[in-house]
Structure formats: C-alpha cells, structure tokens
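The values are calculated or read from the model by the stated rules, or taken from the named source; none is laboratory data. All figures in this text were calculated on a predicted structure; none of them were measured in a lab. Glycine also receives a Cβ, built like all others from the backbone with ideal geometry; neighbour counts cover every protein chain displayed.
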Amino acid sequence: MKKELIAIVCCLMLTACGNSSGGSSKQGANHKPSLDVSLAIDGSNVKVTVDTDLSISAEHYGMGREDGEGHIHMYLDDNDKIGVKERVYEFEDLAPGHHKLKISLHNNDHTPYDVTQTKEFDIK
C-alpha cells in the first residue's frame, strides 16, 4: 500500500511538472511549428513571405532555446546560410535563370525544428 501511494504521488508530481497552463502562449517542446512560404517576383527581385506559428524573435537570435520561439534560415542556390529575423525577406538583383530557395525554421540557438520548405523559381 505504501509503495502504491508513493508511486501515485510521484506520477502526480511528474504530471504537474509537465503542465503548460502557466499562462504561456508558447507551444510545448515537442511542437513542430507550421511553415508556409510564398514568393512574389518583381523583375530581378524576390520577396519571400514566411507564414508560421513560430514566434520570430530578433532579440533572442543566437541565444538559448525558448519553446515556440526562433528564427528562419534561408539558403539561396545552396549558398551560405542567411539568418532571417523577420517574416518578410527580399532578395534583390538576382541573376537571370533558375533559382532554388530552401527555408527552414530554427531555435534561437540555431538548432533546427526540422521544418523546411524548398521553392524553385525563375528570373527572366
């Protein structure tokens, strides 16, 4: 009986620790944020708009993890990473031809959420 009571108390304590109803609107640690990307091409410029439920945080960029918070990485034509801290980003004066843009969501500390989209487009 005593062992059963201890087991029940331990389970209740663990359940209370995992409760996220402490007033925070951020998603839990296992939440994968949504991602939808749209492109608007105007001549040689491309405006990228990222729609996500991830809270984009410029002030915490490169800092410790916060559940449901982070930033965006973009890779144009497999070039170096561009750290993006806003939902809209514009590429200007792109060369004519076919381009590939990879967009991924990351924690503040740059670890990935494993949420990615790739868009291909042409500049005339």
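Of the residues contained in the range 92-112, none is found to be in contact with an Asp or Glu (Cβ under 8 Å, 6 or more places away or on another chain), modelled with pLDDT under 95 and either assigned to a strand (DSSP E or B) or of a type in the set (S, T, N, Q) (or both). Residue count for the range 80-124, restricted to those that are without any contact (Cβ under 8 Å) to a residue 12 or more places away in the chain and under 18 Å from residue 47 (Cα atoms): 2.
Where residues in the range 14-45 are assigned to a loop (DSSP other than H, G, I, E, B), at pLDDT 95 or above and at negative phi, which of them is surrounded by the fewest Cβ atoms within 10 Å (Cβ to Cβ)? Per the stated criteria, the residue is 34. The residues of the range 46-62 that are crowded, with 16+ Cβ neighbours inside 10 Å and not in a loop (DSSP other than H, G, I, E, B), listed by number, are 46, 48, 50, 55, 56. Pairs meeting the criteria (first residue in the range 45-59 and of a type in the set (S, T, N, Q), second residue crowded, with 16+ Cβ neighbours inside 10 Å and in a strand (DSSP E or B), beta carbons under 6 Å, at least 6 apart or on different chains) are 55/69; 57/69. Just for the range 83-115: of the residues that are surrounded by fewer than 14 Cβ atoms within 10 Å (Cβ to Cβ) and among the β-branched types (Val, Ile, Thr), which one is farthest from residue 55 (Cα to Cα)? Here the answer is 111.
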